[in-house]
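The values are calculated or read from the model by the stated rules, or taken from the named source; none is laboratory data. Every value quoted in this text rests on a predicted model; they were computed, and no experiment measured them. Because the Cβ atoms are built from the backbone with ideal geometry, glycine has one as well, and the counts that use them run over all protein chains shown. In case anyone asks, the SASA skips ligands and DNA or RNA and just uses the protein heavy atoms, side chains included. Shrake-Rupley method; radii C 1.70, N 1.55, O 1.52, S 1.80 Å.
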Amino acid sequence: MAWIKIIDEENAEDSLKEQYDQLIEPWGGVDNILKIHSLNPESLAAHVKLYKTLMYGKSPLRRTDREMIAVVVSAINQCHYWIIHHGEGLLKLTKDESLVNQLKSDYTLANISTKQMTMLNYAAKLTDRPADIFNRDIEELREVGFKDRAILDINQIVAYYAFVNRIADGLGVDLEEFWNNKKINWKI
């Protein structure tokens, strides 16, 4: 499941158990990316709060845009765990398997709006070459209609997925058993 010790749901106590009780997914357990924090329940709480704020909180970005960023950043980082999780999340929202597969393999060929392509170009550049980001990149986002709050949200979502991709890959976080029984498109 991971390369470090984790405390599973059955062995959780105190604040960790309380958090796990709030994080049980419909498949019946807590996602492994959250259980990796089990030795530091405070980081678990912070992780969950940041995730919920960025992906579900009030924002000028649509949920589909947020999921698109998650898939593209995870694909660039080759993070299997998050490509699968958020590829499925985007598929639920869009019902467009072709779009999801394109974002997983080469987002630049996706049939999306100019505004979305500009957003994903920024996300890709920030993921792959953060030292090459300049004011011009922000101006390009503004030129297609993004206001500063949306630009902040795009940036923070990209940064969040850089963070969690490295947690997953750097600690050997495996997909949950649930995925073995689910028919999903594994094309990545």
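Here are a few things to note about the model shown:
- Shape category assigned to the range 93-188 from the gyration tensor of Cα positions, a/c cut at 1.5: oblate
- Exposed-loop-free span, longest in the chain, where chymotrypsin sites (Phe, Trp or Tyr not before Pro) count as exposed if DSSP calls them loop and at most 14 other C-beta atoms lie within 10 Å: 28-133
- Overall form of the range 5-93 per C-alpha gyration tensor (a/c, 1.5; a/b vs b/c): prolate
- Crossing angle, helix 14-23 versus the chain [Cα axis fit, 0-90 degrees, rounded to tens]: 50 degrees
- Based on DSSP H segments of at least four residues, each scored -39500 (n - 2.57), the chain has a per-residue ellipticity at 222 nm of -19500 deg cm²/dmol.
- Listed residue pairs exceeding 22 Å between alpha carbons, taken from LYS35/LYS92; LYS17/LYS92; LYS95/LYS147; LYS49/LYS95; LYS49/LYS147; LYS17/LYS49: LYS35/LYS92; LYS17/LYS92; LYS95/LYS147; LYS49/LYS95; LYS49/LYS147
- With all protein chains kept in place, the per residue accessible area of the chain amounts to 54 square angstrom at a probe of 1.4 angstrom.
- Spatial offset of the range 98-151 relative to the range 6-25 amounts to 37 Å, using the alpha carbon center of each.
- Free of any trypsin sites (Lys or Arg not before Pro) that DSSP assigns to a loop and that have at most 16 other C-beta atoms within 10 Å, the longest stretch within the chain is 6-57.
- Tilt relative to the chain, helix 63-76 - C-alpha long axis, 0 to 90 degrees, to 10: 80 degrees
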